[in-house]
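Where a number appears in this text, it was derived from the coordinates with a stated rule and is not lab data. Here the structure is a predicted model, which is why all the values come from computation and not from measurement. So basically every Cβ, Gly included, is an ideal-geometry build from the backbone, and we count neighbours across all protein chains shown.
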Amino acid sequence: MLFMGNFFINNIVRYVLIAVSMFLPMSVFAATLSLSPVSGTYTIGDEFSVNVYLNTESIDIAAVDLELTYPADLLSVVDNNSSQNGVQIMPGSLMPEVPLNIIENNKVRFAQLAYAGQPFSNNEPQLFATISFRAIASGIAPLTILHTLGNTRDSNVAVNGTDILSGVTNASFSILTSDGQLLTSSPSYSFTRDLTIGSRGEDVLQLQKFLNTNGFTVSVTGPGAPGSETDYFGSLTNAAVARFQEAYTTQILLPVGLSKGTGYFGPSTRKQIHALVGSGGVPQPQQSSNSLQQQIQQLQEQVNALLQQLGMVQ
């Protein structure tokens, strides 16, 4: 029985690893969506445009879905087509069909399709859509392209039913009052202890809210997503903290001899958050957070989880 059990496990692992190896070549050429500009300063009443660029890295694609969140209390989307009901953004001309173009609460939902048998591809960022905003209140306004690797319910670049979107570039803007002031709320919560995977408490909930509000999204949907923050510090919170740390490498990482975020919420990270909230500083936008290395790591974690499950069965 032991021999048969090991044989079964080895074959399962072999099949998983084959699947991983089949996935990797496509990932090397995976698509990206990016916003431009990634930052800026405007005054209440100003209108400004943000372009969304698509790069398929020469892969033929059939469709693209964009889901982007913005702070509706600070920005409103300017309608591009008053002849139609609702509010629409301006489509680019990369693909001919636009089956979805709506604004829902604080979310832009937009899609383009290629004609059947006529896939689209490019090898450099090209204009996919343009979103026009009007500044309506002062504060820090992050724009976040919702994307989690393997999630087909957020932003996607589709090839034969497979999502090849691997990276996004988000943006963040400062909206000033008419007299040039940036209004930000005072720190409503003071972080006082170190946090790591497995930690629980109100401070974890407040940390997730801070990360989601400032463009370092913990999760797109489900627990940890904006409006669904939890008091549990798990792997998603750890990853979001690491992105925040890397956005402030000089202030957080270099003083302790690091160059890459760890996700550990320690004194230097707490200090930087308190400084930002107190001064109205703007977090740097995320840059292509889902790299090939992260994809490989996620796949390896899936293999490890499978091995653990099989071990428990025995």
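Working out 0.36 nm times the residue gap between Lys107 and Asn81, then minus their Cα-Cα distance, what length gain in nm do you get to one decimal?
Numbers: separation 26, 0.36 × 26 = 9.36 nm, distance 1.76 nm.
Using 0.36 nm per residue and subtracting the Cα-Cα distance, I get 7.6 nm.
Evaluate the relative contact order of the range 202-279 (contact order divided by residue number), counting alpha-carbon pairs under 8 angstrom at least 6 apart; express in whole percent. The partial results should precede the final answer.
Numbers: 89 pairs, mean separation 17.7, N = 78.
Relative contact order here is 23 percent.
Return Met90, Met95 ranked ascending by Cβ neighbour count within 10 Å, so the fewest neighbours appear first.
On the way: Met90 18, Met95 21.
Neighbour counts put them in this order, fewest first: Met90, Met95.
How far, in nm, would the chain grow between Thr43 and Thr152 when pulled straight, counting 0.36 nm per residue and subtracting the alpha carbon separation? Don't jump to the answer; show the numbers that get you there.
Details: separation 109, 0.36 × 109 = 39.24 nm, distance 3.66 nm.
Length gained between Thr43 and Thr152: 35.6 nm.
Okay, which of the range 230-259 sit inside 14 Å, backbone N to the point 7 Å along the Cα-Cβ direction of Lys209?
Taking a point 7 Å out along Cα→Cβ of Lys209, the residues of the range 230-259 whose backbone N falls under 14 Å are 230-232.
Between Ile136 and Thr196, what FRET efficiency comes out of the Förster formula 1/(1 + (r/R0)^6) with R0 = 45 Å and r the beta carbon distance, rounded to 0.05?
Working: r = 39 Å, r/R0 = 0.86.
Plugging the Cβ-Cβ distance into 1/(1 + (r/R0)^6) gives 0.70.
Over the Cα atoms of the range 30-182, each weighted equally, I'd like the Debye log10 I(q)/I(0) at q = 0.17, 0.18 Å⁻¹, rounded to two decimals.
Result of the Debye calculation: -0.94, -1.03.
Evaluate the relative contact order of the range 30-182 (contact order divided by residue number), counting alpha-carbon pairs under 8 angstrom at least 6 apart; express in whole percent. Intermediate results must be reported in sequence, preceding the final value.
Working: 405 pairs, mean separation 57.7, N = 153.
For the range 30-182, the relative contact order is 38 percent.
Only counting other Cβ atoms within 10 Å, I'd like Ile59, Ile131 sorted with the fewest neighbours first. Let's see the in-between values first.
Values: Ile59 18, Ile131 23.
In increasing order of surrounding Cβ atoms, one gets Ile59, Ile131.
Go ahead and run the numbers for FRET between Glu97 and Ala275, Cβ-Cβ distance against an R0 of 45 Å, rounding to 0.05. Each step should come with its number before you reach the end.
Details: r = 47 Å, r/R0 = 1.06.
About 0.40, to the nearest 0.05.
Would you order Thr213, Thr144, Thr130, Thr32 from fewest to most other beta-carbon atoms within 10 Å of each residue's own beta-carbon?
Thr130, Thr213, Thr32, Thr144
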